[in-house]
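To start, the structure under review is shown below, and the notes come after it.
The values are calculated or read from the model by the stated rules, or taken from the named source; none is laboratory data. Please read these numbers as outputs of a predicted model, since none were measured by experiment. Quick reminder, even Gly has a Cβ in these numbers, built from the backbone with ideal geometry, and neighbours come from all protein chains shown.
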Amino acid sequence: ELQKKYPITIVNLSRKFGIGSGILAGFATAKGDALIYMDSDLQDPPELIPNLISKFEEGADVIHTKRTKRLGEGIFKMSMTNIAYRLINLTSNISLPSQAGDFKLLSRRAIQHINNLKEYNPYVRGLTVWIGFKQETVDYVRNKRSGGKTKQKFFSGSLLAGPWAEFIRGVTGFSTGPLFFGIFVGILAIIFSFILIVYALIDKYYGNAVLGTTGVLIAISFFSGIILSTMGIIGVYIARIYEQIQGRPRYII
């Protein structure tokens with residue numbers, strides 16, 4: 001009787017495609033006027049769901065849950081999380097709610113707009129903000145993990161997975177700012193090199209020794225660092241373009 005009244009659909013992916021792809025598979029499968037998605041470890045309290053539904057009934061399309069306190073989590077993780085949120089908001093064209101994770105309610109029209117997007121490997125938290133519409137937040141205290149260990153380590157075995165990869169997608173998915181950062185650093189490097197030239201000319205004019213091998217090595221190291229950093233930033237964007245033009249599905253069921 002419960003199955004008939006509350007039908008359950010299990011989406012079994014052929015392998016691990018990442019959290020974002022799993023969430024999008026749920027979006028594509030779910031039906032109804034609204035959708036709520038959350039982690040299964042029960043750190044986020046299901047008891048909060050009626051509050052989300054109340055906000056939805058008041059006309060909100062996207063309801064975020066904001067963690068005012070996160071029990072059982074270390075200072076390092078909390079500090080890195082706060083920095084990540086600030087950097088994403090600083091460099092992107094969206095305003096990501098601080099401490100809002102993957103526990104949200106989305107209206108049917110919000111889901112439809114996200115499903116219509118063709119981005120291959122998106123930052124889903126960012127998309128829920130980017131689509132706009134009326135957005136609300138519900139505050140709560142996140143519980144300590146009751147059992148098991150998280151598999152989402154900040155530095156996982158691969159730079160293409162885990163919170164670090166999510167942060168990179170959050171920055172590069174909603175901003176071209178890092179590319180302009182390379183231009184800004186390049187201008188600073190030109191100014192710095194000009195100062196070194198003037199300094200060397202003044203020293204030579206007064207008969208002092210011009211900067212020797214040490215100065216040359218410092219200058220080479222400085223400019224090499226700038227070039228490599230800029231190439232790295234460009235490389236991240238090229239990697240995202242490469243993923244997009246491959247045309248592969250986000251997941252396989």
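Things worth noting here:
Conditions tested, residue by residue: (1) assigned to a loop (DSSP other than H, G, I, E, B); (2) in contact (Cβ under 8 Å) with a residue 40 or more places away in the chain.
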residue	(1), (2)
14	yes, yes
23	no, yes
27	no, yes
36	no, yes
42	yes, yes
47	no, no
52	no, yes
66	no, yes
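- Filter result (touching a strand residue (DSSP E or B) at 6+ places or on another chain (Cβ under 9 Å) and under 16 Å from residue 141 (Cα atoms)) within segment 64-80: 64, 65, 66, 67, 68, 69, 70, 71, 72, 73, 78
- Residue match in segment 101-113 (condition: among the charged types (D, E, K, R), farther than 19 Å from residue 167 by Cβ and not in a helix (DSSP H, G or I)): no
- Scanning segment 76-93 for residues that are under 18 Å from residue 165 (Cβ atoms), out of contact with any Leu (no Cβ under 8 Å at 6 or more places or on another chain) and among the hydroxyl-bearing types (Ser, Thr, Tyr) turns up 81, 91, 92.
- Any hit, segment 125-133, residues being outside any helix (DSSP H, G or I), of a type in the set (A, V, I, L, M, F, W, C) and surrounded by fewer than 12 Cβ atoms within 10 Å (Cβ to Cβ): no
- Counting the residues of segment 32-51 that are out of contact with any Gly (no Cβ under 8 Å at 6 or more places or on another chain) and under 16 Å from residue 133 (Cα atoms) gives 2.
- Residues of segment 114-124 classified as surrounded by fewer than 17 Cβ atoms within 10 Å (Cβ to Cβ) and part of a helix (DSSP H, G or I), total: 2
- For segment 75-82, the count of residues that are within 16 Å of the chain's Cα centre (by Cα), without any contact (Cβ under 8 Å) to a residue 12 or more places away in the chain and within 29 Å of residue 233 (Cβ to Cβ) is nonzero.
- Condition met for residue 224 (exposed (fewer than 13 other Cβ atoms within 10 Å of the Cβ), of a type outside the set (Val, Ile, Thr), on the phi < 0 side of the Ramachandran plot and at pLDDT 70 or above): yes
- So residue 198, is it surrounded by fewer than 17 Cβ atoms within 10 Å (Cβ to Cβ), over 22 Å from the mean Cα position of the chain (by Cα), modelled with pLDDT of 75 or more and more than 24 Å from residue 21 (Cβ to Cβ): yes
- Look at segment 108-125: where a residue is hydroxyl-bearing (Ser, Thr, Tyr) and a partner is surrounded by fewer than 17 Cβ atoms within 10 Å (Cβ to Cβ) and in a helix (DSSP H, G or I), sitting 6+ places away or on another chain with Cβ atoms under 6 Å, you get 120/243; 120/244.
- In segment 227-253, residue modelled with the lowest pLDDT [restricted to those that are small (Gly, Ala, Ser) and closer than 25 Å to residue 13 by Cβ]: 247
- All positions within segment 31-67 that are polar (S, T, N, Q) and surrounded by 10 or more Cβ atoms within 10 Å (Cβ to Cβ): 43, 51, 54, 65
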